[in-house]
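Data first, discussion second: the structure below is written as structure tokens.
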Amino acid sequence: MKKLIIAASLIISSLGLKAQQDIMLSQYMFNGLFLNPAYAGSHKYVSATLLHRNQWTGWDGAPKTNIIGIDGPLRKQTMGWGLIFANDKIGPTTQNDIMANYSYHLKLGKGKLSLGLRAGASVVSSNLQGVSTVVGGDEAFATNIKSSFLPKFGTGAYYYTKKYYAGVSIPTLIAHDPAKNFNFDLNKSSDSRRHYFITGGYVFDLSDMIKLKPSVLVKYQKAAPIQADINCNVLINNVFWIGASYRTNAAVIGIIEYQINPMFRVGYAYDYTTNAINRYSSGSHEIMIGIDLGHDIMKSKNPRYF
């Protein structure tokens, strides 16, 4: 029976690993760069985000994610640049990512259309010696898995105005495991899988003090059901955001964000799991710190909407 439990746990862990190839975030509506390289440089100033996510609290080996993202404009906002550093730990497996992002912005109608590219790599390693087993001496857990280096390339498109945005992206379009032959078919060149993201949001002015921002994130991966994050945030007095999201078949989420001043903002999200995982976990916590730098942000009368 104990062996069966261990086997089931390992299967669940491997499924979770595939699901986390592209990092899950609840505060996606304030952190477009993490989903879409075309978001880079969509503001007139340099913007940095630090984020920590503790998923499925109370479950040993549950995902823990740390991300730093920074982006800014180039050539009078006709282009943009961005960098992402991410650390994702699931059970005995750790993945470290570094991604460079580039975007080109074209005036289109009332807004701009941005086309983006992403290039970088993931380093993945597993500490199997730290895994507890019922029967000792199992050779499969006697040594750690050596770190693997996985180059990745992604793309995206992003249309934005002052009041609304829409985007589509494939963060990992191509990846190559050096141990395998290169192939444009991701299934043959690596263990990565393509994830497709569609995002959109709009800001409604309900009064001088109240603004309403609904948004949606649709996630698609061929081997999994389509999942959507449906969100609505309310901005009070241009200082305080409060909102809620529903992640289909997964969680109900509460979100708050406080604009300390034009440069600094802090945010927090709590996910209440609605599927079977809630028997073993008290939910997920996500903390964010945002820093916007430059002369233009100090002149801005409104906080960031996107």
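Other residues with beta-carbon under 10 Å from the beta-carbon of ALA48 carry, at +1 per Lys or Arg and -1 per Asp or Glu, a net charge of -2. Counted by neighbouring Cβ atoms within 10 Å, the residues ASP88, ASP191 run from fewest to most as ASP191, ASP88.
What the Cα atoms of region 29-95 give is an Rg and a Dmax of 14.7, 48 Å. Judged by the mean number of other Cβ atoms found within 10 Å, the most tightly packed of the peptides 261-269, 222-230 leads the ranking 261-269, 222-230. Counted by neighbouring Cβ atoms within 10 Å, the residues SER169, SER42, SER189 run from fewest to most as SER189, SER169, SER42.
Modelled spin labels at ASN96 and THR57, positioned 7 Å past Cα toward Cβ, are 2.8 nm from each other.
Across region 239-250, rounded Karplus estimates of 3J(HN,Hα) from the backbone phi angles (6.51 cos²θ - 1.76 cosθ + 1.60, θ = phi - 60°) give 10, 10, 9, 9, x, 8, 10, 10, 9, 4, 6, 9 Hz, Gly and Pro being marked x. If you model region 2-299 as an ellipsoid using its alpha carbon gyration tensor, with each semi-axis the square root of five times an eigenvalue, the axes come out at 35, 23, 17 Å, biggest first.
Holding the Cα-Cα limit at 27 Å, pick out from LYS89/LYS163; LYS89/LYS211; LYS76/LYS162 the pairs that are longer than that. LYS89/LYS163; LYS89/LYS211, as the Cα separations exceed 27 Å there.
Every read-out reported here was derived from the displayed coordinates using simple, explicitly stated rules and does not represent laboratory data. Note that the coordinates shown come from a computational prediction; the quantities given were computed from them, not determined experimentally. In this analysis, Cβ positions are derived from the backbone assuming ideal geometry, glycine residues included, and neighbour counts consider all displayed protein chains.
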